[in-house]
1. So which residues in region 267-316 are of a type in the set (A, V, I, L, M, F, W, C) and more than 22 Å from VAL78 (Cα to Cα), if there are any at all?
2. Quick check on this structure: which one of ALA276, ALA240 is within 16 Å of ligand 2 (Cβ to nearest atom), farther than 25 Å from GLU191 by Cα and either in a helix (DSSP H, G or I) or at pLDDT 95 or above (or both)?
3. List the strands (runs of 3 or more DSSP E) inside region 327-430, counting only whole elements, that have at least 1 residues being surrounded by fewer than 21 Cβ atoms within 10 Å (Cβ to Cβ).
4. For region 110-148: of the residues being surrounded by fewer than 14 Cβ atoms within 10 Å (Cβ to Cβ) and of a type in the set (Ser, Thr, Tyr), which is nearest to ligand 2 (Cβ to nearest atom)?
5. Restricting to region 173-212, and then to whatever is surrounded by fewer than 21 Cβ atoms within 10 Å (Cβ to Cβ) and within 16 Å of ligand 2 (Cβ to nearest atom), can you tell me which residue is farthest from TYR275 (Cα to Cα)?
6. Report, by residue number, each residue of region 276-295 that is out of contact with any helix residue (DSSP H, G or I) (no Cβ under 8 Å at 6 or more places or on another chain) and more than 10 Å from ligand 1 (Cβ to nearest atom).
7. Being of a type in the set (Ser, Thr, Tyr), in contact with a Leu (Cβ under 8 Å, 6 or more places away or on another chain) and crowded, with 16+ Cβ neighbours inside 10 Å narrows it down to one of SER107, SER97, so name that one.
8. Of SER25, SER52, which residue is more than 18 Å from the chain's Cα centre (by Cα), surrounded by fewer than 16 Cβ atoms within 10 Å (Cβ to Cβ) and either modelled with pLDDT of 95 or more or at negative phi (or both)?
Amino acid sequence: MKTYNVLLIGSGGREHALAWKMAQSPLLDHLYTVPGNPGTAQYGTNISVDTSDFEKVLGVVNEHDIDIVVVGPEKPLVDGITDFLTGKGVNVFGPTSRAAQLEGSKSFAKEFMQRHNIPTAAYKTFKSSQFDEAFEYIKTENRYPVVLKADGLAGGKGVFICENETEVKKRLRQLSNDEKLKDAASTLVVEEFMQGQEVSVFAICDGEIARVLHNAQDHKRIGEGDTGLNTGGMGAYAPAPLLTPELKNEIEKSIIQPTIDGMKADGNPYLGILYAGLMITEEGPKVVEYNCRFGDPECQVILPPLKSDLLDLILAATGSSLKNEIIQLTNRYYCSVVLASGGYPSSYEKGFEITGISDIDKKSLVFHSGTANKDGKLVTDGGRVLNVVGNGEKLQDAIDHAYKNVKRITFKNSYYRSDIGKKGLKTLES
Ligand code: AMP
Ligand code: GLY
């Protein structure tokens, strides 16, 4: 059997989960990760390379005889790593820069959905020179809350839900003046607010067809009960009980496959992971946003229940043969709790020793996000530090399992939300 040298790009909890899963494949020869983290290092070799320097990444590919590159985060995809490497004859799992515009430009995504009748919120776009017009439009419409979105990548900080005119004014000013938002906000999307519960659906795509892997619910805010600042995600669970078999079917038929068909029809075939952020509204599921990669921390609860060989699926996607693949999942629930540095997502200290990882029980999993090895010790090295994943037959069991193990891990100023998965329990009760 041929085996493959894989180069994984990224350094978060998502990439640790990807490394963990691919390492289980008999198809794997050796795993290299750039730059990786102490978690990915358990399954292969980390190589310290700046992933925005595509020539250097190509150097790693050539030096280590890489058969396939798997890209974790959105930034290199939107910046064109797939285009660059495939141009050099390298096999890459991840969309081209143009296809990654589904995440890289919200106005691109909205126009795309409108053109292909994919359900989403009503919207209007304005250039940054037209913010006065945007304000007049919102004032005339007089429908609150209203959603303001910077067009480009803004690390989750470019979306504002405004309750009134005063807030709209304030956010428009922020979008035109804030140095970190200005570029992303050169175009503004004004969107209708959708009421409902959010669910993320993940599909693997080969340009022609999509196979849904699984679904999950993220917890984006820092505080209990979804309060406080937005973060990269403080925990996730899978699957979301909200998604009945009928709803899953509807999502596949009205959103996932039409997205892949639409991209193909536009001459922009989509190969990679499609992450559809959905709102389950009274009128049915609608797209909140597309992302062009796995979610973090959703990946950490999507991959453990996946019985299928991920590397085999990835190779099938790049070989245009996904139609021959079946996705197999366990019927257990998984819950991931993020242990973060106190102060995140604002300022926080790093470098604190982490203890207790070896005390967690064998059926739980720990994925590293922001950790480092220093003087023979594992220390904190980021805002989100670790993900502890529990599982169980029932959602409550998975939640209890995760928290039992979270409590065994300690570092100074650690913080976690204690209500991950509660939304799912509420749905089950109703
Ligand atoms: P996005 O970056 O587009 O995912 O937006 C961030 C978050 O803002 C989403 O996860 C939703 O919670 C919320 N959001 C974005 N757009 C809408 C909308 N049209 N209606 C309601 N909530 C939204
Ligand atoms: N957890 C949200 C994201 O990965 O975008």
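1. Within region 267-316, MET279, ILE280, VAL301, ILE302, LEU303, LEU306, LEU310, LEU311, LEU313, ALA316 qualify.
2. Working: ALA276 fails: farther than 25 Å from GLU191 by Cα.
From the options ALA276, ALA240, the qualifying one is ALA240.
3. Details: elements: 333-341, 365-368, 371-374, 377-380, 384-392.
The strands (runs of 3 or more DSSP E) meeting that bar are 371-374, 377-380, 384-392.
4. SER129
5. Restricting to residues being surrounded by fewer than 21 Cβ atoms within 10 Å (Cβ to Cβ) and within 16 Å of ligand 2 (Cβ to nearest atom), the top hit is GLN197.
6. Within region 276-295, GLU282, GLU283 qualify.
7. Values: SER107 fails: in contact with a Leu (Cβ under 8 Å, 6 or more places away or on another chain).
Exactly one of SER107, SER97 is of a type in the set (Ser, Thr, Tyr), in contact with a Leu (Cβ under 8 Å, 6 or more places away or on another chain) and crowded, with 16+ Cβ neighbours inside 10 Å, namely SER97.
8. Numbers: SER25 fails: surrounded by fewer than 16 Cβ atoms within 10 Å (Cβ to Cβ).
None of the others qualify; the one that does is SER52.
The values are calculated or read from the model by the stated rules, or taken from the named source; none is laboratory data. Because the structure is a prediction, the values reported are computed rather than measured. Positions of Cβ are backbone-derived with ideal geometry, glycine not excepted, and every protein chain shown enters the neighbour counts.
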